1. State, in angstrom, two size descriptors of the chain derived from its alpha carbons: Rg to one decimal place and Dmax to the nearest whole number.
2. Treating only the Cβ of Lys, Arg, Asp and Glu as charged (+1, +1, -1, -1), what charge dipole size does segment 133-219 show about its Cα centre? Round to the nearest 20 debye.
3. Residue farthest toward the positive end of the dipole of the chain, with Cβ of Lys/Arg at +1 and Asp/Glu at -1: which of Pro585, Ala446, Val467?
4. Accessible surface of His33 in the full protein assembly, 1.4 angstrom probe, to the nearest 10 Å²?
5. Name the aspartates and glutamates eligible as straight-distance cross-link partners of Lys478: C-alpha to C-alpha under 18 Å, and not fewer than 8 places from it in the same chain.
6. What aspartates and glutamates could a cross-link reach from Lys83, if we take a straight Cα to Cα line under 14 Å and drop same-chain neighbours fewer than 8 places away?
7. Using a Förster distance of 30 angstrom, determine the FRET efficiency expected from the C-beta separation of Phe331 and Gln45, and round it to 0.05.
8. Under 1.5 on a/c is rounded, so check that first for segment 82-190, then, if it is not, pick prolate when a/b is larger than b/c and oblate when it is not; a ≥ b ≥ c are the square roots of the alpha carbon gyration tensor eigenvalues.
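The values are calculated or read from the model by the stated rules, or taken from the named source; none is laboratory data. All of these numbers come straight from a predicted model, not from anything done at the bench. Here the Cβ positions follow ideal geometry from the backbone for every residue, glycine too, while neighbour counts run over all protein chains shown. Keep in mind that these areas ignore ligands, DNA and RNA; they rest on the heavy atoms of the full protein, side chains included. Shrake-Rupley method; radii C 1.70, N 1.55, O 1.52, S 1.80 Å.
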Amino acid sequence: MDTKKQIEEGKAVLGIEFGSTRIKAVLIDGKHHPIASGSHEWENQLVDGVWTYSIDAIWKGLQDCYQDMKKDVQEKYGVKVTKLAAIGFSAMMHGYMAFDKDDKILVPFRTWRNAITEEASEKLTDLFRYNIPQRWSVAHLYQAILNGEEHVKDICFQTTLAGYIHWMLTGKKVLGVGDASGMFPIDIETGKYDAKMVSQFDEAIADKGYPWKLMDIFPEVLSAGEDAGTLTQEGAKLLDTDGDLEAGVPLCPPEGDAGTGMVATNSVARRTGNVSAGTSVFSMVVLEKELSKVYKELDLVTTPSGDLVAMVHCNNCTSDLNAWVNIFREFAESFGLDVDMNRLYGTLYKKAMEGDANGGNLLAYNYISGENITEMEEGRPLFVRTPNSKFNLANFMRVNLYSALASLKIGMDLLLKEEKVAVDKLLGHGGLFKTKGVGQQILADAVDTPISVMETAGEGGAWGIAVLAAYLIHNDGKNLGDYLNKEVFAGQEGSELNPNPEGVKGFDEFIRIYKEGLPEILKSMVERHNLSPTYLHLEITESAYMENTENILEVVRRLKEYGFIIEMDDFGSGYSSLNILAELPIDIIKLDMKFIQNEQKNKNSHNIISSIVNLAKWMNLIIVVEGAQLPLFRRLSKRGFNNYEF
């Protein structure tokens, strides 16, 4: 059947994804090939210190995007879109959208980009013994509770952006499991919210007297392929303002951009992964087993079918880089030149590959907004050079590309080097990879892993959610992984680039300089806000110190000189040395949980813990005992050691 007839007979499938700077629609045929597209450019706004999109902007953007897709269909095939086989919506994950009994939003949409929930994040992580990043929806909810915000008592429904769009168009308060895993931890066995943690949350807020419990206000969780409702008459009119689209179209569970990225790169199977690089950057690696411990840099989320995924999410990627490219555009336009932006990006990106492997000792930080990975609470973009740096266009562009992936590398090093997670293939998608061979090579060097890019990667998450919508109606009982391999990606290999040893070494050198510069940024931040550095506790892991002793020692000494509190995490995890206590100017020792668990089973462990406790007492250090229960608390008290935290 030709494309025009598929559209006329309503056999085409539509996917729409809300990205940070663009809303994109992709229409696909029966073979999952893109046949038309539409888009709408938009930007978040900083209002009263909160990054947000207004409700009006959300609907105007969706409607303009849909109209743009219809226009593309009309121009290419000469027909109107009146019927569709299925629709899927996806969007940036996390954030906070809370609604009252009249379906009115209670406070402006707080997006994933806001780093304003540190207290809630830390308390929930301690409560659940599970990493709850600041951008997660439950962290936003709990922070609103801790802040005593008046609207919380009136919440009747809380969801994500994708969940909100789906709800308005179908009347169904549901969410795909991948998107839901960015709201609240998921039990991998049940595919639903973790029941134990839900109970812990409800108990923690019981004294507030709210008229709801968590499951009263959160959306129902669905896996890929499950029924998520159909487009209502009102929903059809809301989506297509011309009134051409018929109601009754089935919708797949709404998903987050992380899940659609995994689908778009065929990386939903275990030991596969992908990196999505645009305004933000995140990596997703499907795990074979749970991680050995909690990492604040690593989220645990799921694929659209519910498998466990380790996610490194960084708030900043290409925004600062785009700003520099726009400077070059303005420069060219000031000479009266008509600038093609695709050509400009391609030219500058390719120029970067002519630069020195270490970027000529230039340094850039791309923090347009706060960055959780490096504990930056607010935006602080910087470009820095010394008199001896090799400052030229190639190095300038290379360093800004490095900076776009620097925070991601810090998180991925934990996953690949510390946890020794095996990855058979890693695929890239998003705007950073549009210029062939540049972003792909930079990423391969950053993580020292081969990177593949599929032909469909340029379509990104909008194509991915269209595929999930097609899976809803065509899966024939296949699991999602089999469907992708046999029906979508069969015969597609993509292009693969291996890490360049010189590039790997150069990126590592850049990261060393990058990390050394972070103390200066932290110092300027506390000075700007007239805060004492003692309010900011900075963690280093024992394993990181052992792997890079000289550099870590220099950075920690500088941080200590500035007055920051230094914590040694995972003490007793296998690398413990008295040299650490002798050399590093630390304030707090955090004993590894597994080490503590051996205390009663093994007499030697018991004696070693006693020695560490006494040593810390003599050195006037605080010990934080992770995972400790009341019996250990009592035993330590009997030994006369009271300078501890549990």
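1. Answer for the chain, Rg first and Dmax second: 25.4, 84 Å.
2. Working: 8 positive and 11 negative charges, 46 e Å.
Around 220 debye, computed over segment 133-219.
3. Pro585
4. Using a 1.4 Å probe on the heavy atoms, I get roughly 90 Å².
5. Here the aspartates and glutamates satisfying the reach criterion relative to Lys478 are Glu226, Asp227, Asp307, Glu487.
6. Lys83 reaches Glu8, Glu9, Asp29, Asp240, Asp242, Asp244, Glu246.
7. Working: r = 27 Å, r/R0 = 0.91.
With R0 = 30 Å, the Cβ-Cβ based efficiency is 0.65.
8. Working: a/c = 2.18, a/b = 1.40, b/c = 1.56.
Oblate, because a/c is 1.5 or more while a/b does not exceed b/c.
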